[in-house]
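The block underneath contains the structure these notes are about, expressed in structure tokens.
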Amino acid sequence: MNTDTLQIKDSLPPHWREALPHAGFAANGDGLWHYDNITFRRDGRWLLLETTSNPAPPDLLRDLGRPGLWKRVAQGPVGLRIFEFPVEICSEEEAALDDDETNLSPEAFLAWALATAKDGTPPGWQPPPRALVESWLPQGALTVQAGAFVRQGELVLSPERWAVRFPILPVVPVDLPVARREWLRAVLGDAQTLWRLVRLGFAGEGENLAVLAEAEFTGAPSSENLFLAGVNGVRHVVAALAETVEVLGDATIASQALALGPSSNQAAERSET
């Protein structure tokens with residue numbers, strides 16, 4: 001990677017360099033900004049806030065329904081809780097085009113991230129009107145077809161919550177073997193680490209247990225671009241995982257590999273090398 005690429009990767013637009021100190025962040029001189037235990041940085045076209053935990057938490061899939069974009073991801077022995085969004089969502093050009101410039105300002109996004117880091121929302125937050133949000137959705141945006149699999153999503157909009165969620169596996173069989181459940185967790189954890197903006201996990205219990213993917217905008221400034229980025233992210237994840245998760249959730253499909261949990265398979269692979 002050449003120097004020019006590194007500068008593009010790590011540089012922040014001027015309006016972000018101005019907003020961060022006002023929000024309480026301090027620069028350390030190497031592209032990182034710090035506020036309490038939260039680090040802010042740029043990674044290509046993405047802006048990230050993150051906190052670390054050591055050792056990593058054993059379960060990454062614990063954030064469904066919580067406000068904001070925060071989610072747990074794996075990073076070797078260290079766990080990260082991250083909040084990430086595209087830099088162009090609140091670029092100076094977008095703010096200039098918006099009717100209400102505060103909607104797309106770095107200050108609004110930082111207020112959202114910091115409030116939801118503590119499971120709250122910015123003071124006085126209200127979601128945009130349902131009619132407005134529905135007008136942003138392209139036709140068919142809440143339906144995903146991946147081969148033979150069709151999944152229907154849902155716009156969740158109430159005074160307290162704003163989100164889009166899709167079932168990846170609508171019903172997890174009650175009698176699904178433990179090894180298959182471990183595989184489901186492993187696949188979902190890897191996908192949550194890999195895919196931006198999207199959280200995955202289990203919702204419900206017993207006969208109503210399902211595997212869901214969601215993009216959570218609770219506490220967010222009203223932004224069509226942010227909303228559509230989240231919707232597109234969820235759609236891609238659902239399309240990518242539907243077939244695999246369906247197989248893992250169907251114990252009638254015989255598989256010697258899936259009869260053992262992922263940790264057992266990894267141990268066997270290590271012993272062969």
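Select from LEU69, LEU200, LEU228 the residue whose mean-square fluctuation is largest in a Gaussian network model of the chain (Cα-Cα springs shorter than 10 Å). Greatest mean-square fluctuation among the candidates belongs to LEU228. All C-alpha to C-alpha distances of the chain, sorted into 5 Å bins beginning at zero, yield P(r) values of 1, 5, 11, 15, 17, 16, 13, 9, 7, 4, 2, 0, 0 percent in whole numbers. Per-residue ellipticity at 222 nm computed for the chain from its helices equals -11000 deg cm²/dmol, with DSSP H segments shorter than 4 residues left out and the rest contributing -39,500 (n - 2.57).
Note on ALA131 and PHE149: the model spin-label points, each 7 Å out from Cα along the C-beta direction, lie 3.7 nm apart. FRET efficiency for the ALA254 to ASP190 pair, using the beta carbon distance and R₀ = 30 Å, is estimated at 0.80. Here the simple spin-label model places points 7 Å from the Cα toward Cβ, and for VAL174 and ASN37 these points are separated by 3.9 nm. Residues of segment 71-86 with the amide nitrogen closer than 15 Å to a label point 7 Å from the Cα of ASP119, along Cα-to-Cβ, please. Answer for this model: 71-72. With the simple model of a label 7 Å out from the Cα in the direction of the Cβ, ALA141 to ARG45 spans 1.7 nm. The P(r) of segment 118-259 has a tail past 25 Å containing 32 percent of all C-alpha pairs.
Computed from the coordinates by the stated procedures, all read-outs in this text should not be read as laboratory data. Because the structure is predicted, anything quoted here is derived from the model rather than measured. All Cβ positions, glycine included, derive from the backbone under ideal geometry; neighbour counts span all protein chains shown.
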